[in-house]
Amino acid sequence: MARCYSVLSIVIFAFLGVTRDAYAAQEDAVKRLQACGFKPTSVLDVGANVGTWSRVYKTLFPEATFFMIEGNDKCQGELAATGVPFEISLVGRAEGSITYHRRKDGTCAASTGNSVFKENTHIFTEDEVVEARVRTIDSIVAARQVGPFQFLKVDIQGSEVPALLGARHTLESVEVVMTEAPVMNYNQGSPPFTVLTSVLNHLGFEIFDIADMARSDKGLLMQMDVLWVRRSSALWGPACTGYPVPSHFTHKGQHAEWMP
């Protein structure tokens with residue numbers, strides 16, 4: 001069973017710099033893929049915050065190169081200290097500008113909760129709403145001449161769907177995607193889990209594992225970390241799963257015969 005953390009615990013982890021334990025359940029899930037032969041040579045971390053995720057996963061895939069994207073410009077110092085190349089930019093479906101909810105506090109840790117889709121918690125106190133530049137993952141990858149990537153992590157406060165829609169070219173080489181997946185209305189107006197599932201199905205991926213879960217103070221499931229694997233990946237084969245490749249994969253995820 002995955003470890004569960006309350007939303008408050010997650011924020012505390014951020015303030016403390018996040019210990020490895022905060023990623024333990026995630027790591028266990030990825031190690032299961034690793035045991036099946038998953039060995040990415042290039043990893044893209046979207047929503048890097050202070051770079052802890054990349055530092056942790058660098059120990060799991062020491063030979064892989066990493067690149068980070070973070071929307072909060074207050075995190076530049078912490079990201080630079082990791083030694084991993086990065087880009088500061090909000091990401092979305094298309095180039096342009098977008099409304100961004102953020103705190104005025106000058107530190108990266110204290111501005112946890114900044115988002116395009118306003119956070120619906122008592123923890124986040126919105127200080128200002130600004131118009132900010134938004135770019136696509138594809139444009140950043142092309143401009144920085146990084147990749148191709150085999151492992152993509154996207155954890156950006158409810159903006160996962162528009163970010164993925166702006167990463168179609170980048171996704172062509174990706175075998176495994178890890179996303180934060182909302183269940184409750186944690187970020188106001190963000191696409192729900194059903195939409196995230198539909199988009200990733202359309203892009204060629206299926207749910208492979210629930211890597212971790214976060215619960216509210218009432219014990220209700222708030223959000224999950226989900227691993228999605230490309231349908232054509234050998235990870236779906238019996239050598240890894242112990243089962244035949246699902247027959248519906250031959251229909252490219254089309255389930256019309258099961259729809260009402």
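The values are calculated or read from the model by the stated rules, or taken from the named source; none is laboratory data. Note that the structure is predicted; figures quoted are calculated from it, not measured. Cβ sites come from the backbone with ideal geometry, for glycine too, and all protein chains shown count toward neighbours.
What number of residues in the stretch 217-233 are farther than 17 Å from residue 192 by Cα and either polar (S, T, N, Q) or surrounded by 14 or more Cβ atoms within 10 Å (Cβ to Cβ) (or both)?
5
I'd like to verify a number: residues in the stretch 156-178 that are touching a Phe, Trp or Tyr at 6+ places or on another chain (Cβ under 9 Å) and more than 23 Å from residue 233 (Cα to Cα), how many? I'd like the intermediate steps shown before the answer.
Step one: list which residues in the stretch 156-178 are touching a Phe, Trp or Tyr at 6+ places or on another chain (Cβ under 9 Å), which gives 157-159, 170-171, 173-178.
In the following step, the residues that additionally are more than 23 Å from residue 233 (Cα to Cα) were identified as 157-159.
Number satisfying all stated conditions: 3.
When the stretch 43-59 is examined, which residues are found to be aliphatic (A, V, I, L, M) and touching a residue at least 40 places away in the same chain (Cβ under 8 Å)? Step through it out loud before you land on a result.
From the stretch 43-59, those aliphatic (A, V, I, L, M) are 43-44, 46, 48, 50, 56; that's our starting set.
If the condition is that a residue be aliphatic (A, V, I, L, M) and touching a residue at least 40 places away in the same chain (Cβ under 8 Å), then 43, 44, 46, 50 are the ones that fit.
Condition first: modelled with pLDDT of 80 or more, in a helix (DSSP H, G or I) and aliphatic (A, V, I, L, M). Now tell me which residues in the stretch 233-260 satisfy that.
If the condition is that a residue be modelled with pLDDT of 80 or more, in a helix (DSSP H, G or I) and aliphatic (A, V, I, L, M), then 234, 235, 239 are the ones that fit.
Quick check: anything in the stretch 138-155 among the hydrophobic types (A, V, I, L, M, F, W, C), in contact with a Cys (Cβ under 9 Å, 6 or more places away or on another chain) and over 22 Å from residue 216 (Cα atoms)?
Initial filter on the stretch 138-155 (among the hydrophobic types (A, V, I, L, M, F, W, C)): 140-143, 146, 149, 151-152, 154.
Pick out the ones that are also in contact with a Cys (Cβ under 9 Å, 6 or more places away or on another chain) and you get none.
Taking every residue of the stretch 138-155 in turn, none turns out to be among the hydrophobic types (A, V, I, L, M, F, W, C), in contact with a Cys (Cβ under 9 Å, 6 or more places away or on another chain) and over 22 Å from residue 216 (Cα atoms).
Which one of 162, 191 is in contact with a Gly (Cβ under 7 Å, 6 or more places away or on another chain), closer than 20 Å to residue 113 by Cα and in contact (Cβ under 8 Å) with a residue 24 or more places away in the chain? Reasoning before the result, please.
Numbers: 191 fails: in contact with a Gly (Cβ under 7 Å, 6 or more places away or on another chain).
Step by step, each of 162, 191 is checked, and only 162 is in contact with a Gly (Cβ under 7 Å, 6 or more places away or on another chain), closer than 20 Å to residue 113 by Cα and in contact (Cβ under 8 Å) with a residue 24 or more places away in the chain.
Which members of the stretch 76-103 meet the condition of being β-branched (Val, Ile, Thr) and outside any loop (DSSP other than H, G, I, E, B)?
Kept after step one, since they are β-branched (Val, Ile, Thr), are these residues of the stretch 76-103: 82, 84, 88, 91, 98-99.
Scanning the stretch 76-103 gives 82, 88, 91, 98, 99.
Here is a list: 40, 62. Which entry is crowded, with 20+ Cβ neighbours inside 10 Å and either free of Cβ contacts under 8 Å to residues at least 12 places away in the same chain or not in a helix (DSSP H, G or I) (or both)?
On the way: 62 fails: crowded, with 20+ Cβ neighbours inside 10 Å.
Answer to the check: 40.
Restricting the stretch 139-186 to residues that are in a strand (DSSP E or B) and of a type in the set (A, V, I, L, M, F, W, C), which is modelled with the lowest pLDDT?
Just the residues of the stretch 139-186 that are in a strand (DSSP E or B), to begin with: 151-154, 176-182.
If we keep only those that are of a type in the set (A, V, I, L, M, F, W, C) too, we end up with 151-152, 154, 176-178, 181.
Details: 151: 99, 152: 99, 154: 97, 176: 99, 177: 99, 178: 98, 181: 91.
Applying the filter and picking the extreme gives 181.
How many residues does the stretch 71-88 hold that are within 19 Å of residue 136 (Cα to Cα) and modelled with pLDDT of 95 or more? Break it down into steps so the answer makes sense when it comes.
First pass over the stretch 71-88, keeping only residues within 19 Å of residue 136 (Cα to Cα): 71-73, 85-88.
The next check asks that each one be modelled with pLDDT of 95 or more; those that pass are 85-88.
Residues that pass the stated criteria total 4.
Are there any pairs with C-beta distances below 8 angstrom linking a residue in the stretch 198-219 that is in contact (Cβ under 8 Å) with a residue 60 or more places away in the chain and more than 18 Å from residue 26 (Cβ to Cβ) to a residue that is buried (at least 18 other Cβ atoms within 10 Å of the Cβ) and of a type outside the set (Val, Ile, Thr), with the two at least 6 apart or on different chains, and if so which?
These pairs meet every condition: 216/222.
In the stretch 71-90, which residues are of a type outside the set (S, T, N, Q) and either touching a strand residue (DSSP E or B) at 6+ places or on another chain (Cβ under 6 Å) or free of Cβ contacts under 8 Å to residues at least 24 places away in the same chain (or both)?
Kept after step one, since they are of a type outside the set (S, T, N, Q), are these residues of the stretch 71-90: 71, 73-75, 77-81, 83-88, 90.
71, 73, 79, 80, 83, 84, 85, 86, 87, 88, 90 - these are the residues of the stretch 71-90 that are of a type outside the set (S, T, N, Q) and either touching a strand residue (DSSP E or B) at 6+ places or on another chain (Cβ under 6 Å) or free of Cβ contacts under 8 Å to residues at least 24 places away in the same chain (or both).
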